[in-house]
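Okay, so here's the structure we're looking at.
Throughout, read-outs are computed from the coordinates displayed, never taken from laboratory work. These numbers were taken from a predicted model, which means no experiment stands behind them. We place every Cβ from the backbone using ideal geometry, glycine too, and count neighbours over all the protein chains shown.
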Amino acid sequence: MTHQLPPLPYAFDALEPYIDTLTMQIHHGKHHAAYIANLNKAIAGTPFEEMPINELLARINEVPEEIRTAVRNNGGGHSNHTLFWAIMAPNAGGAPTGALASAIDATFGSFETFKEKLTAAAINRFGSGWAWLIVKPGGALEVISTPNQDSPIMTGDTPILGIDVWEHAYYLKYQNRRPEYVANFFNVINWAQVAANFAAAQR
Amino acid sequence: MAFELPPLPYPDTALEPAYSARTISFHHGKHHKAYVDNLNRLIAGTALEGKTLEEIIQLTVNDPGKAAIFNNAAQVWNHTFFWHSMKPGGGGQPSGPLAAQIVETFGSYEKFAEQFKAAAVGRFGSGWAWLVADGKALKIVTTPNAETPLTAGLRPLLTVDVWEHAYYLDYQNRRPDFVQAFLDQLVNWDFAAANWSK
Ligand SMILES: [Fe+2]
Ligand SMILES: [Fe+2]
């Protein structure tokens, strides 16, 4: 048992009305838990068993081929959801401040333009996946999206903000209306945590 | 002639309780309809306007510049095929020549059901599981997102949608329960048998 489900950093109903309690319970308690259980099963008895999750993803190409897909999908799922819970919070939203705000303005022109880009990336990801704000190895910010549970860490980038656009993330409350979910997601972004992630990625 | 959303082959309550009217209202009325509307918008005024759905799928597959057209066209086709793959009072076992071929290929109906369920549950992310004819042979395949066996020269006989929107309101994270219900209570073997005999 290497990896364990991290407790949610707030109550299941803390993100209401934007993200409903039942969705949070199933998303954390079932989906995230299943990724961890399947990851642990895949790496059991291998040299990768004790490796921290994000190091495991950064070294995904060293993982033996017979378990690589399972590690990619379930390890990605574990890392992505762990970040996702942390960058949301009750009474959050608004806009970033400080160095992150300056970097967003410098990169995208304005916070509004960044918001449009992240929204478009989240809405246009066909099928299951994620939209991200990442820090490139040289320190530059970029908005990207990945399919399924692929993590930006697998290609050497550092995700500092991610929005889950698997249908399980929003279907109970929003059904087919992904754009409404994405718009409401901006009300729960924990910018203090994203700024901390940004600072850590600079080091 | 723009494409139109094909009506459901049964009332929206007909698959209750295994597949709820509420799920159908979104799945057919919103998702399937959006694919139709998007496709019409994307091909309007292009060389693809006036082609059949199958032609559009074959002409756009593997063309990164036409991914949106392919995705919507294939999803229109896949969903129409999916609605026909279910029926009120469905489930049970196939009969006739298809049943014999299933036994010959998989060993027994039970072994087929086991493999079909494993395929549908094992498709990571969004996609489809299919029973197809590959020439005279039967195969179980899965496809991601909008992809369809048509473009691999395979002949679909039956499909189950395993995008989360297909089952989330009724089954949430329990995809295996949905696929089991599909096999036990929903699957339209008459449709599969007719496709096999074509
Ligand atoms: Fe998720
Ligand atoms: Fe669907």
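Quick notes
- For region B:120-198, a/c is not less than 1.5, where a ≥ b ≥ c are the root eigenvalues of the C-alpha gyration tensor, and a/b does not top b/c. That puts it in the oblate class.
- Proportion of all alpha-carbon pairs of region A:8-119 beyond 25 Å (%): 43
- Span-like helix ranges in chain B, DSSP H, alpha carbon extent 15 angstrom or more, Kyte mean at least 0.5: B:96-106
- Over region A:27-73, all Cα pairs binned in 5 Å intervals from 0 give whole-percent P(r) values of 5, 22, 34, 24, 11, 4, listed from short to long.
- Calculated FRET value between A:Thr155 and B:Lys198, using beta carbons and R₀ = 60 Å, to 0.05: 0.85
- Modelled label positions at B:Asp177 and B:Val103, each set 7 Å beyond Cα in the direction of Cβ, lie 3.4 nm from each other.
- Its DSSP H runs of at least 4 residues, each contributing -39,500 (n - 2.57), put the calculated 222 nm mean residue ellipticity of the protein assembly as shown at -13500 deg cm²/dmol, to the nearest 500.
- Evaluated at q = 0.10, 0.13, 0.18 Å⁻¹, the base-10 log of the normalised Debye intensity for chain B, with identical point scatterers placed on the Cα atoms, takes the values -0.40, -0.69, -1.29.
- DSSP beta bridge pairing in chain A, given as percent antiparallel to the nearest 5: 100
- Chain A, relative contact order in percent, only Cα pairs under 8 angstrom and at least six apart counted: 25
- Using the Stokes-Einstein relation with a Kirkwood hydrodynamic radius computed over Cα pairs, the translational diffusion coefficient of chain A at 10 °C and a viscosity of 1.306 mPa s comes to 92 µm²/s.
- Inter-centroid distance (Cα atoms) of region B:91-157 relative to region A:184-198, Å: 44
- Inverse of mean 1/r across different Cα pairs in the protein assembly as shown, Kirkwood, Å: 22.7
- Cα shape, region B:21-84, gyration tensor, a/c 1.5 rule: prolate
- Loop-located trypsin sites (Lys or Arg not before Pro) across region A:1-102 with a Cβ neighbour count of 16 or fewer within 10 Å are A:Arg59, with loop assigned by DSSP.
- Size of electric dipole in chain B: Cβ of Lys, Arg +1 and of Asp, Glu -1, about Cα centre, debye, nearest 20: 160
- For region A:30-80 and region A:154-170, distance of Cα centres in Å: 16
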